[in-house]
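What follows is a single structure, written as structure tokens, with notes after it.
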Amino acid sequence: MENCIFCKIIAGEIPSNKVYEDEDMLAFRDINPQAKVHVLVVPKSHFAMLAEMNEAQAELVKKCLQKIPEIAGKLGLSGGYRLIINQGKDAGQTVHHLHIHILGGQDMGEKML
Ligand code: AMP
């Protein structure tokens, strides 16, 4: 997708600090971390909203979710972690390519983020 920063990262046109990649997904460190460990997991297919994904994209999201425990293990998040998917303006979604935030490496407290 033209002008999508995450599509450009997936295509290797913009550098990223990758922590995992396969044919379906990419995981890389957030450029503006909100926790000691902050990684984004993105399906390689471009879509912004869960509400608009097709069956194949839903399958990719499932694969991302199934892979996250392994990625979290590689990141050393043995104490747990928080997952966040921002959807739309009120949630503060700034990149319109679906992504799952993995946050951890510290006590995350009871706050939202
Ligand atoms: P969201 O607000 O849920 O749309 O999250 C978008 C996230 O992408 C933010 O946490 C940004 O810091 C992060 N981000 C934006 N550009 C980059 C980039 N080039 N590399 C890594 N993370 C990025």
Meets criteria (in contact with a Leu (Cβ under 7 Å, 6 or more places away or on another chain) and of a type in the set (S, T, N, Q)) for residue 34: yes
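What are the residues in the stretch 29-54 that are free of Cβ contacts under 8 Å to residues at least 60 places away in the same chain and in a strand (DSSP E or B), if any?
Those that are free of Cβ contacts under 8 Å to residues at least 60 places away in the same chain and in a strand (DSSP E or B): 29, 42, 43.
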Residue match in the stretch 12-24 (condition: charged (D, E, K, R), at pLDDT below 95 and in a loop (DSSP other than H, G, I, E, B)): no
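Can you spot a residue in the stretch 55-74 that is assigned to a loop (DSSP other than H, G, I, E, B), surrounded by 13 or more Cβ atoms within 10 Å (Cβ to Cβ) and within 16 Å of the ligand (Cβ to nearest atom)?
Within the stretch 55-74, the first condition is being assigned to a loop (DSSP other than H, G, I, E, B), and the residues that meet it are none.
Within the stretch 55-74, none of the residues are assigned to a loop (DSSP other than H, G, I, E, B), surrounded by 13 or more Cβ atoms within 10 Å (Cβ to Cβ) and within 16 Å of the ligand (Cβ to nearest atom).
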Subset of the stretch 79-113 [closer than 21 Å to residue 43 by Cα and either away from the ligand (no atom under 12 Å from the Cβ) or among the β-branched types (Val, Ile, Thr) (or both)]: 81, 82, 84, 85, 94, 95, 100, 102, 104
Residue count, the stretch 78-113 (criterion: of a type in the set (A, V, I, L, M, F, W, C) and without any contact (Cβ under 8 Å) to a residue 24 or more places away in the chain): 3
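The values are calculated or read from the model by the stated rules, or taken from the named source; none is laboratory data. Keep in mind it's a predicted model, so treat the numbers as computed, not measured. Neighbour counts are summed over all protein chains in view; Cβ atoms, including those assigned to glycine, are modelled from backbone coordinates with ideal geometry.
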